[in-house]
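Working notes, structure below.
Just so it is clear, none of the values below were taken in a lab; they were calculated from the coordinates. Remember, it's a predicted structure, so these values are computed and weren't measured experimentally. When we count neighbours, we look across all protein chains shown, and the Cβ atoms used for this are built from the backbone with ideal geometry, even at glycine.
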């Protein structure tokens, strides 16, 4: 089986000379289809950089990144943009919904940008919103929705269509514990359908939903935990600090 995303000795450096910062250092990481991986570590450990490189928003300074078996560095900018639209979904901490579009229009937008006609795109979007319990809010605008509802709209936008890789940067950061667990449950359900997921989180309890937890420190993978018994096992590694 071809991994959904693979890092081979990936490093990312910013700046030069005295201002040089090594955000990632020789990262090896494989995430398979249907697998949910949580990434934890202190602030500045390279978590968000890993996510942006996995999503082809950045390219590494060295090493190779493969998404669905395709080498990202060999792609043109347009090819990477097409890959993101078709196969990669993002859930950002601040939702990044367009205020002037309704919930269903927000969710349908990536499909329409990739060439799906408006009506089929919105039918697909409405179906995903219904699955997430938001059928009654499909035509409401983001400012009229609660934080938890906006987050579910963002998740719907990330998983609509034939997404193969789902990336979430602190997706529960603005939510209470109940809504935070609901978000993780939705991500887990997407992975059961074959989507690969990478979630950056500081919350050990939420990370315990993952199949595997990867701990970063100073740009390096320092530990991995497979199917922890509970959040206490994560705290023992210092990953939630």
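State the extension gain, in nm to one decimal, for the chain segment bounded by residue 94 and residue 119, taking 0.36 nm per residue of separation less the distance between their alpha-carbons. If you can, show how the numbers build up before the last one.
Values: separation 25, 0.36 × 25 = 9.00 nm, distance 2.79 nm.
Net length gain for the segment: 6.2 nm.
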Share, in percent, of DSSP beta bridges within the range 92-239 that are antiparallel, nearest 5: 55
Helix 77-87 vs. the chain, principal-axis angle (Cα, 0 to 90°, nearest 10): 60
Most mobile listed residue (225, 56, 178) in the chain, GNM with C-alpha springs under 10 Å: 178
The chain: angle of helix 118-131 to the longest principal axis, Cα-based, in degrees nearest 10: 70
The chain: mean projected area of Cα convex hull, nm²: 13.3
Cα centroid of the range 154-205 to Cα centroid of the range 1-58, whole Å: 18
Order of 184, 75, 1 under a 10 Å beta carbon neighbour criterion, fewest first: 1, 75, 184
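Fewest first, what order do 47, 192 take by the number of other Cβ atoms within 10 Å? Could you put the intermediate results ahead of the total?
On the way: 47 25, 192 10.
So the residues, fewest neighbours to most, are 192, 47.
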Candidates 129, 166, 145, ranked by Gaussian network fluctuation over the chain, Cα under 10 Å, top entry: 145
The chain: angle of helix 103-113 to the longest principal axis, Cα-based, in degrees nearest 10: 70
GNM result for the chain, Cα springs below 10 Å: residue of 149, 112, 131 fluctuating most strongly: 131
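Can you classify the range 1-50 as rounded, prolate or oblate using the Cα gyration tensor, where a ≥ b ≥ c are the square roots of its eigenvalues, rounded means a/c under 1.5, and otherwise it's prolate if a/b beats b/c and oblate if not? Don't skip to the end; give the middle numbers.
Values: a/c = 4.10, a/b = 1.94, b/c = 2.11.
Oblate.
Exposure proxy check: 2, 172 ranked by fewest other beta carbons within 10 Å?
Numbers: 2 11, 172 25.
Lowest to highest Cβ neighbour count: 2, 172.
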Residues residue 16 and residue 73, FRET efficiency given R0 of 22 Å [Cβ-Cβ distance, rounded to 0.05]: 0.60
